[in-house]
Amino acid sequence: MNQKVRAIAFYLPQFYPTPENDEWWEPGFTEWTNVAKAKPLFRGHYQPRIPRDLSFYDLRVPEVREKQTQMARDAGIEGFCYWHYWFGNGKRLLAHVFNEVVESGKPDFPFCLCWANHSWKSKTWQPNMPDTMLMEQTYPGVEDYTAHFYAMLPAFKDKRYMTCEGKLIFGIFAPNDFPDFQLFSDIWNKLAKENGLNGFYFFAFVQGSNVLNKFNHVGYDALVFDKMIDIYHEYDSSFLKKIYRKLHYMCHKPIRLNYNRYVKQSIESFKNDDSLIPCIDPDFDHSPRSAYRWIIFDNSSPEKWERFCKSSVEILKLRKVNNQILFIKSWNEWGEGNYLEPDQKYGHAYLEATSRALNN
């Protein structure tokens, strides 16, 4: 039997106003606020990026979520991995959309969760300028981990929740910041068994080769690996590159990373280590959030994305069936320029490229 690679796209549930964002930023603030005001920073820079088919949507509208899942399904994506925010002591943010998906039973589309376990800060994106803490990520211990599990139990029991090896897929975005993972995983697996579930397939979301070995030995079932941060760190690898980076900053110019280099090095990593679950980005442009102060991919295109996606699939097809999982970052991260949804420039080109790579 020819097993199809399982493609899972990260999904940002941020596109609707919340009381916290009203307080921290401005009334009605959503990710679209930054997206719409972005400006080109150099000749040929594609900004602003304007959505097409779904316009500047509000994720509280069920029809929007249905259209998203139909597009994803047509492109060969198996399900969404929703970013999940739990800050400790029962505090959640951006929970409305996922709660509605679970409570309504719609859309009828598979899902899993990745805990975005990082503090929220008002970032200056400037050297030697401190950020302002908005919501701190905490790890209060056993009682809170138990409350966290039971808060999410309706989702875990949902027939749409995605599994691997019969276990519920659950990710940790910042494993380096989570000192209690072993305790947390022991508690959650115990509670899962007590509630008629088979336990969890925990993955660590790993950015950068320098930390790979660390997470191979702390109880994670898988490492989901994104190579992009390694390309960025190349600009810190020598004195001259550090000077180059500083001059760019002083001249209000972003660091432009070569997309071809990112693709080539990613493929090499996935070939050399079949324990890694690939995470691949169609593009990246952080300027809607940070202007010139962070990084942008140069020379990305739907054609290059298709080749990247296809090469990743070909590598995965050589592996055991249970390890044929591909994460895509992301479905709708418009503020970071990594999305598959249709925009004014490319229309459905990225979705069609994804479909050809996955469905063939």
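Conditions tested, residue by residue: (1) touching a helix residue (DSSP H, G or I) at 6+ places or on another chain (Cβ under 6 Å); (2) under 18 Å from Leu113 (Cα atoms); (3) surrounded by 19 or more Cβ atoms within 10 Å (Cβ to Cβ).
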position	(1), (2), (3)
Ile169	no, yes, yes
Ala174	no, yes, no
Gln182	no, no, no
Asn195	no, no, no
Asn198	no, yes, no
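With surrounded by fewer than 23 Cβ atoms within 10 Å (Cβ to Cβ), touching a residue at least 12 places away in the same chain (Cβ under 8 Å) and either of a type in the set (Val, Ile, Thr) or touching a helix residue (DSSP H, G or I) at 6+ places or on another chain (Cβ under 9 Å) (or both) as the only criterion, which of Tyr346, Tyr350 stands out?
Going through Tyr346, Tyr350 in turn, just one is surrounded by fewer than 23 Cβ atoms within 10 Å (Cβ to Cβ), touching a residue at least 12 places away in the same chain (Cβ under 8 Å) and either of a type in the set (Val, Ile, Thr) or touching a helix residue (DSSP H, G or I) at 6+ places or on another chain (Cβ under 9 Å) (or both): Tyr346.
Going through the range 246-298 one residue at a time, which ones are acidic (Asp, Glu), outside any loop (DSSP other than H, G, I, E, B) and either under 19 Å from Ala36 (Cα atoms) or in contact (Cβ under 8 Å) with a residue 24 or more places away in the chain (or both)?
Within the range 246-298, Asp285, Asp298 meet the criteria.
Under the condition of being closer than 20 Å to Val263 by Cα and modelled with pLDDT under 90, which residue from the range 286-298 is most open to solvent (accessible area, probe 1.4 Å)?
Ranking the candidates gives Trp294 first.
Look through the range 299-328, keep the residues that are part of a loop (DSSP other than H, G, I, E, B) and of a type in the set (Gly, Ala, Ser), and return whichever of them is surrounded by the fewest Cβ atoms within 10 Å (Cβ to Cβ).
Going through the qualifying residues, I end up with Ser301.
Could you identify the single residue in Ile231, Ile280, Ile243 that is in contact with a Lys or Arg (Cβ under 9 Å, 6 or more places away or on another chain) and either of a type in the set (D, E, K, R) or at pLDDT below 90 (or both)?
Ile231
Those residues that are surrounded by fewer than 16 Cβ atoms within 10 Å (Cβ to Cβ) and small (Gly, Ala, Ser), I need them from the range 139-164; list them, please.
Scanning the range 139-164 gives Gly141, Ala147, Ala151.
Take the range 289-315 and flag every residue that is under 19 Å from Gly44 (Cα atoms) and over 17 Å from the mean Cα position of the chain (by Cα).
Ser290, Ala291, Tyr292, Arg293, Trp294, Asp298, Asn299, Ser300, Ser301, Pro302, Glu303, Lys304
Name every residue in the range 38-52 that is open to solvent by 70 Å² or more (accessible area, probe 1.4 Å) and either farther than 17 Å from Glu333 by Cβ or β-branched (Val, Ile, Thr) (or both), in order of residue number.
Selection gives Lys39, Pro40, Arg43, Gly44.
Please work out which one of (1) open to solvent by 30 Å² or more (accessible area, probe 1.4 Å); (2) within 30 Å of Asp177 (Cα to Cα); (3) at pLDDT 95 or above is the condition Trp25 fails and give its number.
(3)
Is the range 186-193 home to any residue that is open to solvent by 60 Å² or more (accessible area, probe 1.4 Å) and within 21 Å of Trp83 (Cβ to Cβ)?
no
Tell me whether the range 140-157 contains one or more residues that are assigned to a helix (DSSP H, G or I), of a type in the set (Asp, Glu) and modelled with pLDDT of 95 or more.
Taking every residue of the range 140-157 in turn, at least one turns out to be assigned to a helix (DSSP H, G or I), of a type in the set (Asp, Glu) and modelled with pLDDT of 95 or more.
The values are calculated or read from the model by the stated rules, or taken from the named source; none is laboratory data. The model shown is predicted, which means the values in this text are computed figures rather than measured ones. Every residue, glycine as well, gets a Cβ built from its backbone with ideal geometry; the counts of neighbours run over all protein chains shown. Note: areas computed on protein heavy atoms with side chains; ligands, DNA, RNA excluded. Shrake-Rupley method; radii C 1.70, N 1.55, O 1.52, S 1.80 Å.
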